[in-house]
Ligand code: AMP
Ligand code: GLY
């Protein structure tokens, strides 16, 4: 089958890698792809949000199924448009994707259906926000309503910072429309976990729990990023907690979707905070997580395409989702400066990486020129280590730094460490 994958990050690389691992006869196109994806698939230079062009391309190449990686085309209704044109596609429609594209929508939804989440207040004007924030004791969290590539949430330590952030968002419009409304919410203490749920409209399957590392530096220090590394399975969710997550979060979410007239087919990413008082939802995303997906794809044993097509057709039926009983750890190699301004165009040494035992390199922000690869984004590569224990998976991921590197490359050295306390 001809398949189109939309996106050009490590997440899309890992999806394509898995599709070809399951069946190397698939003909895969990627828009726009990246330096490494172009070695596995035909890359076409169409942006992820050029929906009309993507649709024309899908018709011309007789694409049998399209998989959408990033949130922006989902929030702009790519799924509705493809479906109206008789094209099969994986992901939630525009109405459903609001669960990620508007934090106000998501918080109001959780509030209405009794899904545990941090208490919040929403504002659309600076005066009232300022008055409220001025009397609030940190820590608390300020969030822009709209999509902001992981850069719209701020954990506040000093009230003055919060006032500046509210001013930037509401008055200076530094994030444009995405910051036209803001949320101020209470700080949740605990450990974060990511749970990807494959939904077919009514039924669901769970991916293994994983854990992202959002902050740029070791020890969860520094600015939030799109994610500096992830590992799976995350064992901080025991059977009791999982049951609570199913009853208090997943079932209530699916029920809420039905009551709101939302047919959710696609991945629902549930970002969790495991607190003393039980699991809370920090955020929902309407898509596969990045870099969680890069840790999950090597562990997934079921046929990915079959799962995604059946979910998109509302027919998960009796299908099981199966995983190996190994561990995967994904370390992100980033450009100097990321998540702020960063340089591009550094030559990457050690590529193409000839996958060694239990070590894989997935491309994210890379570009190929001749037979050389260059950095072309903030998050450049994903080093994946596999192992029979978490420790072994971590060790294998970091061994890749012996062979693959670029000038001023930076990465966290503690990916996966938090998980070791749950291992015997
Ligand atoms: P979000 O954009 O909502 O995913 O938030 C980004 C990151 O900010 C999360 O992954 C957490 O690390 C942190 N965060 C967001 N909301 C809260 C909260 N209420 N309490 C503690 N940390 C939070
Ligand atoms: N890993 C966080 C995200 O995909 O948004």
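Quick notes
- Residue list for the range 202-219, filter: more than 15 Å from residue 338 (Cα to Cα), away from ligand 2 (no atom under 12 Å from the Cβ) and modelled with pLDDT of 95 or more: 203, 204, 205, 206, 207, 208, 209, 219
- Subset of the range 249-265 (residues that are surrounded by fewer than 18 Cβ atoms within 10 Å (Cβ to Cβ) and more than 19 Å from residue 279 (Cβ to Cβ)): 258, 259, 260, 261, 263
- Every condition in (1) on the phi > 0 side of the Ramachandran plot; (2) in contact (Cβ under 8 Å) with a residue 12 or more places away in the chain; (3) within 16 Å of ligand 1 (Cβ to nearest atom) holds for residue 191 except the one numbered (1).
- Residues located in the range 380-405, provided they are surrounded by fewer than 23 Cβ atoms within 10 Å (Cβ to Cβ) and either closer than 26 Å to residue 70 by Cα or touching a helix residue (DSSP H, G or I) at 6+ places or on another chain (Cβ under 6 Å) (or both): 386, 387
- Those residues of the range 324-356 which are at pLDDT below 95, surrounded by fewer than 19 Cβ atoms within 10 Å (Cβ to Cβ) and closer than 30 Å to residue 208 by Cβ, in sequence order: 352, 354, 355, 356
- Qualifying residue in the range 123-139 (condition: crowded, with 20+ Cβ neighbours inside 10 Å and within 13 Å of ligand 1 (Cβ to nearest atom)): no
- Test: residue in the range 70-79 that is buried (at least 16 other Cβ atoms within 10 Å of the Cβ), in contact with a strand residue (DSSP E or B) (Cβ under 7 Å, 6 or more places away or on another chain) and closer than 23 Å to residue 361 by Cα: yes
- Search result, residues across the range 4-41 that are crowded, with 24+ Cβ neighbours inside 10 Å and part of a strand (DSSP E or B): 4, 5, 6, 7, 30, 31
- Test: residue 234 is assigned to a loop (DSSP other than H, G, I, E, B) and either within 14 Å of ligand 1 (Cβ to nearest atom) or surrounded by 20 or more Cβ atoms within 10 Å (Cβ to Cβ) (or both): yes
- The residue of the range 279-289 that is nearest to ligand 2 (Cβ to nearest atom), among those that are part of a loop (DSSP other than H, G, I, E, B) and closer than 27 Å to residue 184 by Cβ, is 289.
- Flag for residue 229 being surrounded by 21 or more Cβ atoms within 10 Å (Cβ to Cβ) and either within 26 Å of residue 260 (Cβ to Cβ) or in contact with a strand residue (DSSP E or B) (Cβ under 8 Å, 6 or more places away or on another chain) (or both): yes
- Across the range 244-251, not a single residue is classified as in a strand (DSSP E or B) and either away from ligand 1 (no atom under 12 Å from the Cβ) or modelled with pLDDT of 95 or more (or both).
- Test result for residue 271, in a strand (DSSP E or B) and within 14 Å of ligand 2 (Cβ to nearest atom): yes
- Of all residues in the range 412-424, those satisfying the criterion of being touching a helix residue (DSSP H, G or I) at 6+ places or on another chain (Cβ under 8 Å) and surrounded by fewer than 20 Cβ atoms within 10 Å (Cβ to Cβ) are 413, 414, 417, 420, 423.
The values are calculated or read from the model by the stated rules, or taken from the named source; none is laboratory data. Computed from a prediction, not measured in an experiment: that's the story for all the values here. Because the Cβ atoms are built from the backbone with ideal geometry, glycine has one as well, and the counts that use them run over all protein chains shown.
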